[in-house]
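Student: Sharing a structure here in structure tokens format.
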Amino acid sequence: MKKLLFTALMVCLTMTAMAQYSNKTISIGVRGGLPVSDAYSDLYSFSVDADISYHTYVYENFMIGGAAGYGHVFGEDISIGGLNIEVDDYQYIPVLASAKLYAGTLLYLGLQPGYAFALGDNQEGGFMFRAQAGFNITENMDIVANYQNILLDTAFPTVNLGLNFYP
């Protein structure tokens, strides 16, 4: 009984502490990028992705949340010894946890670990992470640069630039 009361008290205190930073945000992000590894930069030309994320403050300058979306990396047509090969596009659904740390009111750094679920036939998903830096352009829009990597048989990194919109 004491453990139950103690747990209930801790939950109430935690919720009270979090209530003072209860600004919740939903954002829609769109990005374009380029593959940067030697293994993939000849096979894929560029990438686009979009996601919806939700964050809540757990401290005055620290937010946690999650994101899910859709990503598409466009395959190239390559020629090997006179043989033309069309590389299939890589499509995935990222499901990510998310953390943002604000340095002041305009600039933030973020980290998003998670998993990329592959959508194409004979394609594999893998652990995924994004490291990002964002800058608030207006109250309803950020510009974001990130490094994203999906760990398949080898690393599949891209660098991206995009916008986040806060409806």
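The values are calculated or read from the model by the stated rules, or taken from the named source; none is laboratory data. Predicted model only: the values in this text are computed from it and were never measured. Here Cβ is always computed from backbone atoms with ideal geometry, including for glycine, and neighbour counts include all displayed protein chains.
Student: Exactly one of these conditions fails for G82: (1) under 14 Å from the mean Cα position of the chain (by Cα); (2) surrounded by fewer than 16 Cβ atoms within 10 Å (Cβ to Cβ). Give me its number.
Tutor: (1)
Student: How many residues does the stretch 132-151 hold that are over 22 Å from V73 (Cα atoms), surrounded by 15 or more Cβ atoms within 10 Å (Cβ to Cβ) and among the polar types (S, T, N, Q)?
Tutor: Count: 1.
Student: State which residue is modelled with the lowest pLDDT when the search covers only the stretch 31-53 and only residues that are among the aliphatic types (A, V, I, L, M) and under 19 Å from L119 (Cα atoms).
Tutor: Applying the filter and picking the extreme gives L43.
Student: With respect to T154, is the statement that it is among the hydroxyl-bearing types (S, T, Y), surrounded by fewer than 17 Cβ atoms within 10 Å (Cβ to Cβ) and touching a residue at least 40 places away in the same chain (Cβ under 8 Å) true?
Tutor: It is true that T154 is among the hydroxyl-bearing types (S, T, Y), surrounded by fewer than 17 Cβ atoms within 10 Å (Cβ to Cβ) and touching a residue at least 40 places away in the same chain (Cβ under 8 Å).
Student: What's the number of the only condition in (1) of a type outside the set (A, V, I, L, M); (2) touching a Phe, Trp or Tyr at 6+ places or on another chain (Cβ under 6 Å); (3) over 22 Å from S27 (Cα atoms) that N140 fails to meet?
Tutor: That leaves (3) as the condition not met.
Student: Then there is this: Just one of (1) part of a loop (DSSP other than H, G, I, E, B); (2) without any contact (Cβ under 8 Å) to a residue 40 or more places away in the chain trips up H72, so point out which.
Tutor: Checking H72 against (1) part of a loop (DSSP other than H, G, I, E, B); (2) without any contact (Cβ under 8 Å) to a residue 40 or more places away in the chain, the one that fails is (1).
Student: Also: Working only within the stretch 131-140, note down all residues that are in a strand (DSSP E or B) and modelled with pLDDT under 95.
Tutor: N136, I137, T138
Student: Further question: Within the stretch 35-56, can you find the residues that are of a type in the set (F, W, Y) and part of a helix (DSSP H, G or I)?
Tutor: Selection gives Y40 alone.
To keep it simple, each residue is scored yes or no on (1) of a type in the set (A, V, I, L, M, F, W, C); (2) in contact with a Phe, Trp or Tyr (Cβ under 6 Å, 6 or more places away or on another chain); (3) surrounded by 15 or more Cβ atoms within 10 Å (Cβ to Cβ).
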residue	(1), (2), (3)
G29	no, no, yes
S47	no, no, yes
Y70	no, no, no
I78	yes, no, no
V95	yes, yes, yes
K100	no, yes, yes
A116	yes, yes, yes
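Student: Determine, yes or no, whether T7 is closer than 21 Å to A99 by Cα and modelled with pLDDT under 95.
Tutor: no
Student: A further question follows. Looking for whichever is modelled with pLDDT of 95 or more and farther than 17 Å from D89 by Cα here; the options are Y147, Y166. Which one fits? Full working, then the answer.
Tutor: On the way: Y166 fails: modelled with pLDDT of 95 or more.
Just a single option satisfies the conditions, and that option is Y147.
Student: Moving on. In the stretch 90-113, is there at least one residue being hydroxyl-bearing (S, T, Y), part of a loop (DSSP other than H, G, I, E, B) and either closer than 20 Å to I28 by Cα or within 11 Å of the chain's Cα centre (by Cα) (or both)?
Tutor: yes
Student: Only residues in the stretch 101-116 that are among the aliphatic types (A, V, I, L, M) count as the first member; pair them with residues that are part of a loop (DSSP other than H, G, I, E, B) and surrounded by 13 or more Cβ atoms within 10 Å (Cβ to Cβ), Cβ under 8 angstrom, at least 6 apart or cross-chain, and list the lot.
Tutor: L101/N61; A103/N61; A116/G125
Student: Also: Taking F135 and the conditions (1) out of contact with any Lys or Arg (no Cβ under 7 Å at 6 or more places or on another chain); (2) in contact (Cβ under 8 Å) with a residue 40 or more places away in the chain, which numbered condition does it fall short on, given that it satisfies the others?
Tutor: Every listed condition holds for F135 apart from (2).
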